[in-house]
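Structure first, commentary second.
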Amino acid sequence: MSIVSLVKTDDYSNIKEDIKKSLDLIGGLDKFIRPGQKVLLKPNLFGTKASEYAVTNKEFLRAVIHLVKEAQGVPIIGEFIASDMPGINRIAFKELGIIKLAIEEKVKIIDFQSKQFVKTIVPNPLVMDSVDVAEAVLDAPLVINLPKFKGHACTYVTGAIKNCFGCITGRGDIHKNYPDDDFSKAVVDAFSTMKFHLNIMDAVIGMDGDEAPAYGEPCKIGYVITSTDAVSADAVACKITGHKLNQIPMLVYAHKQKLGTAKLSEIELVGDSPEPREFNFHGNYRKRISCLGSEAKVIETKSEAAYPEINIEDCIKCLACLNNCPADAIHETSEGLKIDHEKCVRCYRCLEVCPMKAVKLNK
Ligand code: SF4
Ligand code: SF4
C-alpha cells in the first residue's frame, strides 16, 4: 500500500506551511534525512520563455530548501532542462532566477548538462536497454523529486515519473526512436534506472491546453501532493484532473513494471480529499492508447495531430529548434526556417526550446 498526502492550497502564499503539512502527514521530513546528509532537489525547469506555471514554482523550491535545512540536511539543486544545446542549462538557471535563489539560500547548483552521465542498464526494459543518467543523481544519498503537474503533448500529463527526463541525456534521440506509445515506455525505462526517495509535487497551478507543457493555459489544480511513490503521486494527480488512469500509458507501464502503484485501491490517501476539477489536458496525441488488460490498444487516432510551424516574423534564427529537432525536420531556406511535416515526429521539442515563442501549432 502506498501513502499519498494531499494538502489543498489556492496559491503559493503559504507554501512552506502547506508542504510541511503534506510531509508531516507521511511521517515528517526528519525520517528521511540524516544530519549533514546531502539532499539532491530535482525541480522541473524549462526554457526561459515558457510560462512561469510550466516550471516548479521558485517559492515552492525555496520552501523545500528551508525544510531540508531545518531537518539538518544539505540541499543541492540539480536539473537539466529540455534543450541539448551546449550551455543552455546554465542560461536557463540564470534567467529563471535559480542562480539568484541559490545565492540567497547558499545552496549549490549542479548543472547536470556540464557534468558526467553514466550509461545505466535498464533492469527490465520495455524499449531501451540503457540510458545515460546524470552521475549526480545516481550518487546522491537522497533525491527529492519536485515535479510540476501539467499537460504534456506526448504523454498526456507530466508529473513525478516524467521528471526523470531532466536527469538523463540523449532525449532528442529518444523522441525520435520511440514515437507515440513507445515514448511512454521509454520514459518508464528511464525512470526505472534511478531512485526518487521522496516526491513533493507542485500541483498548485499547472498548464492546460494544446501547447502544454511549455505554453498553453495556466490552470489551478490546488494541491501539494507528497509520496515516496512517484507512480502513486501521479495517479492521484490524474484522479484530481479527471484522467482515466488506464489511458495514461506512462502510468500503466510504470505500474506493470512494479515501479510503484497506480491502482487507487492500493493507495492510502491522507490529508485533504481529492476534489476532481474540470480540466482539459488533451495533448496533441496522434493515437490515444488504452492499456487496460495486458496489451496497449489504440482507442482513438487523430490523422491531423497538430503540427508545428515557424512564424518567421518572430524567429531570431537562433537555431535552437533546428539543433534540437530529433528528426532533422527543420531546415533553413531563403525565406527562413521551415519544418518538413513528412519528417516531423510531433515531439514538440521545437516549441519547448524556442526562446521567442515563434513555433506555433497548426491544427
Ligand atoms: S519539427 Fe519540432 S515537433 Fe517536429 S520532430 Fe522536429 S522538434 Fe519535433
Ligand atoms: S523558431 Fe525559435 S528556436 Fe527556431 S530558430 Fe527561430 S527563434 Fe530560434
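We did not get these values from a lab; they are worked out from the coordinates using the rules stated. Predicted, not measured: the structure shown is a model, and the values here were computed from it. Glycine gets a Cβ as well: all are built from the backbone with ideal geometry, and neighbour counts include every protein chain shown.
If you count the DSSP beta bridges with both ends in the chain, what percent of them are antiparallel, to the nearest 5?
Taking every DSSP beta bridge with both residues in the chain, the antiparallel ones total about 65 percent.
Rounded to two decimals, what is Rg over Rh for the range 1-70 when you use alpha-carbon atoms and the Kirkwood radius?
Looking at the range 1-70, the ratio lands at 0.99.
For the range 1-126, divide the Cα radius of gyration by the Kirkwood radius and give the resulting Rg/Rh value with two decimals.
Computed over Cα atoms, the ratio is 0.99.
Would you list 1, 207, 128 from fewest to most Cβ contacts within 10 Å?
With the sparsest Cβ surroundings first, the list reads 1, 128, 207.
List 354, 325, 344, 315 from most exposed to least, where exposure is judged by having the fewest other Cβ atoms within 10 Å.
Listed from fewest to most nearby Cβ atoms, that is 315, 344, 325, 354.
Straight-line reach from residue 360: which lysines have a Cα under 18 Å away, not including same-chain ones fewer than 8 places off?
Correct list for residue 360: 49, 317, 338, 343.
Give, as ranges by residue number, the residues of the range 112-151 whose backbone N falls under 20 Å from the point 7 Å along Cα→Cβ of residue 74.
112, 115-116, 135-145
Under a cut-off of 20 Å between alpha-carbon atoms, report the lysines in cross-link reach of residue 69, not counting same-chain residues fewer than 8 places apart.
Counting by Cα, and skipping residues close in sequence, residue 69 has these lysines nearby: 16, 20, 21, 31, 38, 42, 58, 100, 106, 108.
Name the longest site-free stretch of the chain, where the excluded sites are GluC sites (Glu not before Pro) in a DSSP loop with no more than 13 other beta-carbon atoms within 10 Å.
Segment 1-277 is the longest.
For the chain, count the residues as N, evaluate 2.2 N^0.38 Å, and divide the Cα radius of gyration by that value, please.
Compared with the compact-globule rule of thumb, the chain sits at 0.93.
Return the single residue from 84, 18, 173 with maximal mean-square fluctuation; model: Gaussian network over the chain, springs between Cα atoms under 10 Å.
Comparing 84, 18, 173 in the GNM, the peak value goes to 173.
Does the range 187-252 come out rounded, prolate or oblate, given a ≥ b ≥ c as the square roots of the eigenvalues of its C-alpha gyration tensor, rounded meaning a/c under 1.5 and, failing that, prolate meaning a/b above b/c?
prolate
How do 10, 208, 202 line up, fewest other C-beta atoms within 10 Å first?
Lowest count first: 10, 208, 202.
Please work out whether the range 33-84 counts as rounded, prolate or oblate from its C-alpha gyration tensor, where a ≥ b ≥ c are the square roots of the eigenvalues and a/c under 1.5 means rounded, while otherwise a/b larger than b/c means prolate and anything else oblate?
Note, shape of the range 33-84 comes out oblate.
How much length is gained on full extension from residue 177 to residue 130, taking 0.36 nm per residue of separation minus their Cα-Cα distance?
15.6 nm
Could you give me D for the range 94-200, from Stokes-Einstein at 25 °C and 0.890 mPa s, where the hydrodynamic radius is the Kirkwood radius over C-alpha pairs? Units µm² s⁻¹, please.
165 µm²/s
Determine the gain in length on full extension of the stretch residue 91-residue 31; use 0.36 nm per residue of separation and subtract their C-alpha separation, reporting nm with one decimal.
Length gained between residue 91 and residue 31: 18.1 nm.
Please provide three numbers in whole Å: the alpha-carbon extents of the range 71-144 along the principal axes, with the largest listed first.
The Cα atoms of the range 71-144 stretch 42, 34, 18 Å along the principal axes, largest first.
State the number of lysine pairs found in the range 168-268 whose Cα atoms come within less than 20 Å, restricting to pairs 8 or more positions apart or on distinct chains.
16
Mind telling me which of 145, 14, 44 comes out most flexible in a GNM of the chain, alpha-carbon contacts under 10 Å?
Among 145, 14, 44, the largest mean-square fluctuation in the Gaussian network model of the chain belongs to 14.
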